[in-house]
Amino acid sequence: MMDALEFLKEHRRMCDSHLNCDGCPLMNAPCLSSDWSEISDKALRDIVLAVTLWSKDNPPVTNEMKFREVFGDNAVNSVLAVHMSDIKRWLAEPYKERE
């Protein structure tokens, strides 16, 4: 189980990813933005469970992950494998169609 700070960060990340609560896992449950005194203990447990499950299914996307997707694993493991001309060419072309 995640600690309180990690939970609050993940809850904020989850809220940020669902504008206007569209598709939010907490849509049918009380949200933490409401009055906490009105939320039952069971509802709090459900909120923690929903945020934990969402967090596992939606890991944060890092710059390294994006770089690996565009340029491949070799470019991350060896900076010398990435040349400026390659970067310009790769950025100009749709990267999903590359070898």
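The values are calculated or read from the model by the stated rules, or taken from the named source; none is laboratory data. Worth saying up front: this structure is predicted, and the values here are computed from it rather than measured. Ideal geometry is used to build each Cβ from the backbone, glycine not excepted, and the neighbour counts take in all protein chains shown.
Here are the numbers for this structure:
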| read-out | value |
| --- | --- |
| Complete set of residues in the stretch 3-25 that are within 14 Å of Asp57 (Cβ to Cβ) and assigned to a loop (DSSP other than H, G, I, E, B) | His18, Gly23, Cys24, Pro25 |
| Long-range neighbours under 6 Å by Cβ, at least six apart or interchain, first residue in the same structural domain as Lys9 (by TED's automatic domain parsing) and within 19 Å of Glu10 (Cα to Cα) within the stretch 20-42, second assigned to a loop (DSSP other than H, G, I, E, B) and β-branched (Val, Ile, Thr) | Pro30/Ile39 |
| Residues satisfying the stated conditions in the stretch 50-74, i.e. small (Gly, Ala, Ser) and under 21 Å from Asp16 (Cα atoms) | Ala50, Ser55 |
| Residue ID - farthest from Val51 (Cα to Cα), chosen from residues in the stretch 10-20 that are within 16 Å of the chain's Cα centre (by Cα), exposed (fewer than 14 other Cβ atoms within 10 Å of the Cβ) and of a type outside the set (Asp, Glu) | Leu19 |
| Single match in Ser40, Ser33 (criterion: exposed (fewer than 11 other Cβ atoms within 10 Å of the Cβ) and at pLDDT below 75) | Ser33 |
